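What follows is one structure encoded as structure tokens, with my remarks underneath.
Please treat every number below as a calculation from the coordinates, not as lab data. Nothing here was measured: the structure is a model prediction, and the numbers come from that model. Please note: Cβ atoms are built from the backbone with ideal geometry, for glycine as well, and neighbour counts cover all protein chains shown.
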Amino acid sequence: MFRENEWEYLPVRFWVGVWTAVLLLLLVALDASALIALITRFTEEAFATLISIIFIVQAFEELAEISQNAPLVTNPEVVLNDPCVCNFTDKGNKSFIYSNVTREQCANIGGRLTGMQCNFKPDVMMFSIILFFGTFTIAFGMKLFRSSTFLPSTFRQGIADFGVFLAIVIMTALAYFVGLDVPHLRVPTSFTPTLDRSWLVNPLNVNHWWIAVAALFPAIFFTILVVMDQQITAVIVNRADNKLQKGYGYHLDLLVIAVLMLVCAGLGIPFYVAATVISIMHVDSLRLQSECSAPGEKPQFLGVK
């Protein structure tokens with residue numbers, strides 16, 4: 001839609017963020033956070049399950065994307081019989097096929113590379129599957145280590161708290177030493193925006209003035225998403241089972257998010273949302289349990305630091 005109407009994405013996103021911040025401030029002023037009293041345990045569990053499913057689906061989607069760029073090949077003849085060629089179509093819709101050209105040469109003439117030999121990366125997909133399930137296995141195993149009978153409880157707690165981090169470090173080190181071209185994040189060498197732009201977004205760089213007003217419509221739905229995400233996450237964290245002693249700050253949470261919305265919109269960086277899964281993991285990692293005084297005695301939950 002942005003390309004068809006020749007809209008600049010970041011200025012439109014800026015006005016969506018501004019309207020979202022205004023709506024959040026209006027909800028804070030109207031004491032709308034009191035509506036969280038209507039949230040039941042069923043709603044909490046359904047929302048947490050939905051977020052978990054989204055994380056799991058996205059993980060498998062990333063793995064499926066790797067399979068498209070580096071597919072598993074059981075028969076080498078399939079690759080040998082599918083050479084890399086450059087397909088080019090001129091203005092008269094005539095197609096030409098060029099072989100023995102580099103990727104840069106094909107891009108310069110406006111062509112498109114086709115053939116399995118263009119992006120063939122042996123063993124990358126299989127090694128990605130090993131890293132995928134290896135990270136999960138190590139993290140899950142360290143989580144179960146918390147309730148095991150090996151080593152002192154303090155050591156077990158530390159291992160379980162940093163299980164995910166340790167699993168990522170171990171698998172990243174394995175990928176580094178193996179040396180396969182596994183897809184990974186490209187971190188820039190300098191602290192600059194990813195796109196070739198200034199740090200601040202120009203809100204006036206829109207084609208028509210009514211775009212700033214029309215941004216209110218998507219902002220309404222985004223506000224509903226932010227409120228539901230933030231408040232349900234806060235309710236899950238503050239549930240009585242966690243025995244928290246800190247006072248609630250539902251209005252303050254929305255107020256802070258509204259201010260951060262303006263900052264993120266002005267800088268063109270991702271908006272702040274409540275990380276439900278990470279928030280629950282933080283609470284679990286800060287749990288305090290009693291020391292076992294007798295063999296076989298289960299530790300008692302004392303509260304959260």
query = Along the three principal axes, how long is region 127-180 when you take its alpha carbons, biggest first, rounded to the nearest angstrom?
reply = 39, 16, 14
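Could you rank the peptides 133-144, 231-242, 26-37 by their average count of other C-beta atoms within 10 Å per residue, with the highest value first? Mind showing how you got there, number by number?
On the way: 133-144: 15.3, 231-242: 17.1, 26-37: 13.8.
With the highest mean Cβ count within 10 Å placed first, the list reads 231-242, 133-144, 26-37.
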task = Would you kindly work out the equivalent ellipsoid of region 140-294 from its C-alpha gyration tensor and give its semi-axes, the square roots of five times the eigenvalues, largest first in whole Å?
result = 40, 27, 11
